[in-house]
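> First the structure, which I've put down as structure tokens, then a few questions once you've had a look.
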Amino acid sequence: MKKRDLISKRVKDIPPSGIRRFFDIIASMDGVISLGVGEPDFVTPWHIREAGIYSIEKGYTSYTSNYGLLELREEIARYLKVRHNLDYDPERELLVTVGVSEGVDLALRAILDPGDEVVIPDPSYVSYTSCTVLAGGVSVPVPTAIENDFKVKAQDIDKRINPRTKAILLGYPNNPTGAVMDREELLKVAEVAQRHSLVVISDEVYERLVYGVEHTCFASLPGMRERTILLGGFSKAYAMTGWRLGYAAATEEIIEAMMKIHQYTIMCAPTMAQMAAIKALKDGEAQVQEMVAEYNQRRRVMVKGLNDIGLTCFEPRGAFYTFPSIKSTGLSSDEFAERLLLEERVAVVPGSTFGQCGEGYVRCCYATSMAEIEEALERMGNFVKRHRTQ
Ligand SMILES: Cc1ncc(COP(=O)(O)O)c(C=O)c1O
């Protein structure tokens, strides 16, 4: 009898994560300095942890509203008003999600019909393309390049739009490049979205991690609130990756659609994490600023260090990544990362993991201690000396 195919074609066609292979190798090695993982090396500030612990002690162990605790939604609404002068109705226009990860998935599933296209800057965060495909859509990469500091140009988006295009998915500050788009550049993207009646999904999980520049919230641009699904979270700014909490802000119609999926698949985000997030928003600003100041120092050391050893690196203005060119070694980004790990025990992520335009680059995360960054730079310097071809 013919063996039945158990796994759906859609899932089979998704390539395995390029990052996972490296973590399997790292797990079997000692003395590795990891610039690989994209998460804060800080633990969640104590008073925020305490709020989570206290919520358990008080017995807040049941489900919350599908939308999330109203008190948390009110805090998020207040935050968006204060930071971006945006008005969202906490009862109808905000949804608390299991991280921005769930927000990306819900946003795409809520708006896409089979074959709808989503325009996505390349390179970008790995889940955008896979979630688009899982939602039945087609991802259309828009190349970005070091010559423009990896910012996406509105005219390049415009060229890729056709009647099947439904949305633009932006993630700035960007993972993996650290690029930040300024207001003028985003206004041009907004004009394209307006002209073609597109939805803009804006992943702003790194909005607080910017250095010497302003973050512009896409929904705050004229006319954009009505067509933007704004995704925000707690993982990066408050060092809360493990709590799994984020939110989506959009029109009632879109939030209602996202909520339909969320209520059947997730029910609600973890209650203790929601209680901790209330504390973070009410009382976490000082710690955010301390962590940002620390990241900024590490960023400077890393950018200078990479350029000094011959890995040309543009100055990233956001998130906690540098994205140096490794072209001087003649190695592909996959080869570079694998050999650097085996020869010098430093883990970085091949740029090609994040899209074709990432080839020739590697992602180095500086959310690690200064001592480790300095040691990693020394080891990378030795590696480059041995492999330099130019
Ligand atoms: C651009 C981007 N979006 C979303 C996420 C996921 O965030 P969360 O922990 O809120 O699910 C990450 C995590 O690395 C990210 O880099």
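Read-outs throughout are calculated quantities, based only on the coordinates presented, and are distinct from any laboratory measurement. Please read these numbers as outputs of a predicted model, since none were measured by experiment. All Cβ positions, even for glycine, are placed from backbone atoms using ideal geometry, and neighbour counts span all protein chains on display.
> For Cα pairs less than 8 Å apart in space and 6+ apart in sequence, what is the mean separation divided by the residue count of segment 235-378, i.e. the relative contact order in percent? The partial results should precede the final answer.
Values: 150 pairs, mean separation 26.2, N = 144.
After rounding, I find 18 percent.
> Also, I was wondering about something else. Beyond a 32 Å Cα-Cα separation, which of these cross-linked pairs lie in this structure: Lys81/Lys166; Lys81/Lys304; Lys58/Lys260; Lys166/Lys304; Lys81/Lys260? Walk me through the numbers before you get to the answer.
Values: Lys81/Lys166 28 Å; Lys81/Lys304 37 Å; Lys58/Lys260 30 Å; Lys166/Lys304 41 Å; Lys81/Lys260 26 Å.
Checking Cα-Cα distances, Lys81/Lys304; Lys166/Lys304 exceed 32 Å.
> Show which lysines lie in cross-link reach of Lys2 when reach means a straight Cα distance below 20 angstrom and same-chain residues fewer than eight apart are skipped.
Lys12
> Tell me which of Ala273, Ile26, Leu6 sits at the most positive position along the dipole axis of the chain, charges placed on C-beta atoms (Lys, Arg +1; Asp, Glu -1).
Farthest towards the positive pole: Leu6.
> Convert 20 °C to kelvin, take the viscosity as 1.002 mPa s, use the Kirkwood radius over C-alpha pairs of the chain as Rh, and evaluate the Stokes-Einstein diffusion coefficient in µm²/s, rounded to a whole number.
In µm²/s, the coefficient rounds to 99.
> In addition: Residue farthest toward the positive end of the dipole of the chain, with Cβ of Lys/Arg at +1 and Asp/Glu at -1: which of Val199, Thr61, Thr129?
Thr129
> Between segment 277-335 and segment 345-370, what is the separation of their alpha carbon centroids in Å?
Result: 11 Å between the Cα centres.
> Lysines within cross-link reach of Lys159: Cα-Cα under 23 Å, excluding same-chain residues under 8 positions apart?
Correct list for Lys159: Lys151, Lys188.
> Turning to a different aspect of this structure: Charges only on Cβ, +1 for Lys and Arg, -1 for Asp and Glu: so what's the dipole of the chain about the Cα centre, in debye to the nearest 20?
880 debye
> Order these by the 10 Å Cβ neighbour count, fewest first: Met181, Met272, Met29.
Ascending Cβ contact count within 10 Å gives the list Met29, Met272, Met181.
> When only Cα pairs under 8 Å and 6 or more residues apart are kept, what is the percent relative contact order across the chain? Could the numbers behind the result be given before it?
Values: 751 pairs, mean separation 91.2, N = 390.
Answer for the chain is 23 percent.
> Follow-up question, since we're still on this one. If one computes the Cα centroid of segment 87-101 and of segment 243-273, what distance in Å separates the two points?
Using only Cα atoms, the two centres lie 7 Å from each other.
> Next question. How about segment 328-390: which trypsin sites (Lys or Arg not before Pro) there lie in a loop by DSSP and see at most 15 other Cβ atoms within 10 Å?
Those that pass, being in a loop and sparsely packed, are Arg388.
> In the neighborhood of Tyr211, defined by Cβ-to-Cβ distances under 15 Å, what is the net charge if each Lys or Arg adds +1 and each Asp or Glu adds -1?
0
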